[in-house]
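Laboratory data are not the source of any read-out in this text; all were calculated from the coordinates shown. Fair warning: this is a prediction, and the values are worked out from it, not measured in the lab. Reconstructed Cβ throughout: ideal geometry from the backbone, glycine too, with neighbour counts over all protein chains shown.
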Amino acid sequence: MVLSFGTLSAIILVVYYGSRITDWMYLGMALFTWTAVIDSTISLEYLGITENFMSEYLKFGEPYLLSSWGSAICVFDGTGFYIMYLVLIYLFTNKKSWRSVGIYWAGAILNSMIVLITGVFTGKHSATFCTLLNIPYIVFPIFVLFRIFKTQNRSNWVTKTKIQEKFSIKVHDVFLILGFIGSIWIILAKFLVVLGSKVWVFKETVAPETALLLEDPARFYSIQVLLFFFYIIPAQIVSVYYLLQEEKPQYLWEMSAAMAGIMLQAQFSYILYSFDTQTPQPFRVDWTDINFWLPNVLLVIIPHLFIIRLYIHRVPDTKIAKKQ
């Protein structure tokens with residue numbers, strides 16, 4: 001455990017003083033890329049592909065990473081987050097805007113850590129001294145967000161535009177509104193089932209997941225559902241409101257980027273967790289059950305379609321200037 005802290009500290013000091021790079025953002029992303037590779041190794045060991053690379057650490061350091069949920073977040077860290085780190089490092093190196101990617105990543109990793117740490121302290125798993133190693137995964141993204149909102153220039157985005165003489169709702173906007181309403185209903189049903197609701201319509205909405213939501217002693221996804229209810233549902237309501245408006249403010253794009261990152265990480269981990277062979281049989285979901293796939297994939301797709309819609313239909317400042 002002490003060795004883990006010492007290794008992290010040594011890497012930071014060597015890179016900081018031994019290179020010409022002084023931007024702490026670049027150094028932080030480089031370090032997190034290295035930890036993503038470690039999580040990939042943990043995933044391989046969990047799957048039985050490799051042996052004895054991380055066994056001692058998993059036994060005495062963070063044993064909860066050998067759980068179904070712990071392995072799922074390690075898989076995402078070694079794939080999804082690893083790609084995001086490489087993209088961010090590329091954008092830093094080439095002095096391109098990394099604002100949107102940074103918000104997307106920060107939303108996803110903060111969500112991952114909040115669920116993991118809260119689940120460790122409230123579920124069947126126990127915290128260890130090495131649980132403190134997860135603190136940088138909370139502190140660093142928060143500093144990144146501060147830097148984004150303080151120094152990063154926003155891309156061209158018009159909050160008020162008179163380009164269109166008459167505003168009308170497009171067909172794809174109607175599809176997105178219906179998708180968001182469906183997502184809100186699914187999250188509401190999950191939330192009420194987690195709280196023990198006996199109402200038939202809510203239990204039927206999430207029928208394949210009822211046992212997992214109600215009885216699983218590892219409360220990771222129950223905590224995730226609570227976060228969905230208190231943070232994602234309000235964001236989706238705001239998104240529906242602005243789909244009905246001509247004006248699209250800048251914060252809508254930033255909120256949507258964070259929401260999409262959160263939903264991708266959360267649902268990726270949950271789907272892997274639901275099918276994992278180490279998930280107790282009463283809580284495991286049949287991977288061929290379409291009633292499981294439809295609602296859970298919808299929760300991921302709709303936020304991403306929304307940010308694509310916002311990006312495609314944004315109005316550059318130059319176009320406004322010419323029109324005026």
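Protection proxy ranking, highest mean first, for peptides 128-139, 286-297: 128-139, 286-297, where packing is the per-residue count of other beta-carbon atoms within 10 Å, averaged. Considering only the Cα atoms of region 75-141, their convex hull presents on average a projected area of 5.0 nm². Our coupling estimate for region 215-230, obtained by passing each phi through the Karplus curve with A = 6.51, B = -1.76, C = 1.60 and θ = phi - 60°, is 10, 4, x, 8, 7, 4, 6, 4, 5, 4, 5, 4, 5, 4, 5, 7 Hz, Gly and Pro reported as x. Summary value for region 192-314: 30 percent relative contact order, contacts being C-alpha pairs under 8 angstrom separated by 6+ residues. Here the Karplus relation 6.51 cos²θ - 1.76 cosθ + 1.60, evaluated at θ = phi - 60°, turns the backbone of region 107-113 into coupling constants of x, 5, 6, 5, 4, 4, 6 Hz, with x for every Gly and Pro. Distant-in-sequence amide contacts of ARG219, defined by a placed amide H-H separation under 5 Å and a gap of 5 or more residues or a different chain, comprise GLY123, LYS124. For region 178-264, a simple Cβ point-charge model (Lys and Arg +1, Asp and Glu -1, everything else neutral) yields a dipole of about 200 debye relative to the Cα centre.
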